Amino acid sequence: LRLSASTLANSSTCSDHPEDRDRIINLDHGDPKMYEKFWRKMGDKSTITIPGWQSISYFSDITNICWFLEPELAKEVVRLHNVVGNAVTKGRYIVVGTGSSQLILAAFYALSPPDAPEPISVLSASPYYSSYPSMTDFQKSGLYKWGGDAKSFDKDGPYIELVTSPNNPDGHTRQPVVNRSDGILIHDLAYYWPHYTPISSPSDHDITLFTVSKSTGHAGMRIGWALVKDQEVAKRMTKFIELNTIGVSKDSQLRAAKVLKLVSDSTEQENTQELSFFNYSYEIMEQRWKQLRASAEANGLFTLPNFPTEFCTFFNKETENLPAFAWMKCEKDIEDCQSFLGEHKIMSRGGKHFGVSQRYVRVSMLDTDENFNLFIDRLSAMQI
Ligand code: PMP
């Protein structure tokens, strides 16, 4: 039985439940609940059992720089990147983190000059991922501090630039913008997967971050990984995690290894009985973006970013950019897009959180079918 995404996804719109009319839809967070349906279909194939005696030690592999990295997870990370073709893994150290969030902080710690007279500036081009400024500054570190929009950075000296590609919130492919020799780059590639963006070539940077939260949809597992070129940087990142949480849950790592394995298996067995994870997810995202664009066009209240189709080496054809977030700009005289959507009981995140105007708003595209369809219904019915 070969199931297609469209038969699995409930694509019907126009809810006929009267209680839905007043329900608040929370599309503020990028909570990837959309993927639950796929994983339910996988049933026991994605189940692991961990007996009480297993994973008791703090240590996973003391011969590895990242001594708390489960070898099984390392193996499946390398395999998946090879299957997808989105990252070079050869000659890289893998550092596992409690989500890529922990790895961002580990990278700041590892990359900051330890004895500098003042904290190094951390930058990202606006609109940037809204958590970067607060993650950088919440502990008032003496090592690093938020330096704002990379596009207007004009201070001399070293800096750390976060390059998010495709970008959260707007979905565009990005390159570094400051481009000075004393810059240190962290590539946050949480969304560099074929269901969100065409894979153009394997990423090949000094530090690259990935996460299961957006790739397989397992945000609750809290697993991310960094591919690191430099051994000393990998050691320092590992040290940070040692001091912070003495490693990363082995239970989660084993579960992550299992779901990554299933994603790779489902891709390699695509021509057999298996439902391919990336085919499934791409189809849903494609359909959602079609619905969103149609309703935005119909009411004329919002504009959305446009993207060229590009050749995807994974799907071996031209594919679309189908971002995990809709970055909507309000037109007409709607000055505050977040409040406007709020009046329609849609929670979203306004432009100011991303360093731009409130005319912009970010809306998650990864919620359940029910919530997404309700969102589209409300959008289609909006008028001013
Ligand atoms: N980087 C980006 C660009 C993200 O969008 C997110 C999640 N919203 C993260 C990092 C953090 O992800 P994790 O769940 O792996 O901590």
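Just so you know, all these numbers are worked out from the coordinates, no wet-lab data involved. Here the structure is a predicted model, which means the values were calculated and not measured. So basically every Cβ, Gly included, is an ideal-geometry build from the backbone, and we count neighbours across all protein chains shown.
The count of lysine pairs in the stretch 23-165 that are at least 8 places apart or cross chains, and whose C-alpha atoms lie under 18 Å apart, stands at 4.
Remark: the chain carries a charge dipole of roughly 440 debye about the Cα centre, counting +1 on each Lys and Arg Cβ and -1 on each Asp and Glu Cβ.
Shape analysis of the stretch 84-128 based on the Cα gyration tensor places the equivalent ellipsoid semi-axes at 24, 16, 12 Å, largest first. Annotation for the stretch 89-155: trypsin sites (Lys or Arg not before Pro) lying in DSSP loop with at most 16 further Cβ atoms inside 10 Å of their Cβ are Lys90, Lys140, Lys155. Share of pairwise Cα-Cα distances greater than 24 Å in the stretch 45-174 is 46 percent (whole percent). Of all segments of the chain bounded by chymotrypsin sites (Phe, Trp or Tyr not before Pro) found in a DSSP loop with no more than 16 other C-beta atoms within 10 Å, the longest spans 139-314. Counting every alpha-carbon pair across the stretch 238-359, the share separated by more than 17 Å comes to 72%. Using the Cβ of Leu366 as centre and a radius below 15 Å, the other residues enclosed give a net charge of -2, where K and R count +1 and D and E count -1. For the chain, dividing the convex hull volume of the Cα atoms by the residue count gives 154 Å³ per residue. Length, then width, then depth: along the principal axes, the Cα atoms of the stretch 180-312 run 53, 47, 27 Å.
Hull volume per residue, based on the alpha-carbon atoms of the stretch 71-267 and their convex hull, is 115 Å³. Averaging the sequence gap over all C-alpha pairs within less than 8 Å and six or more residues apart, then dividing by the number of residues, gives the chain a relative contact order of 26 percent. The 3J(HN,Hα) values that the Karplus relation (6.51, -1.76, 1.60; θ = phi - 60°) gives for the stretch 138-155 are, in residue order, 5, 9, 6, 5, x, 8, 8, 8, 5, x, x, 5, 4, 5, 10, 6, 9, 7 Hz. Gly and Pro appear as x. Cross-link reach is defined here as a Cα-Cα straight distance under 18 Å, omitting same-chain residues fewer than 8 places apart; for Lys290 the lysines meeting it are Lys329. Counted by neighbouring Cβ atoms within 10 Å, the residues Ile56, Ile186 run from fewest to most as Ile56, Ile186.
Other residues with beta-carbon under 14 Å from the beta-carbon of Ala324 carry, at +1 per Lys or Arg and -1 per Asp or Glu, a net charge of -2. Over the chain, DSSP H runs of length four or greater, each weighted -39,500 (n - 2.57), average out per residue to a 222 nm ellipticity of -10000 deg cm²/dmol. If only the Cβ of Lys and Arg carry +1 and only the Cβ of Asp and Glu carry -1, the dipole of the stretch 71-267 around its Cα centre is close to 620 debye.
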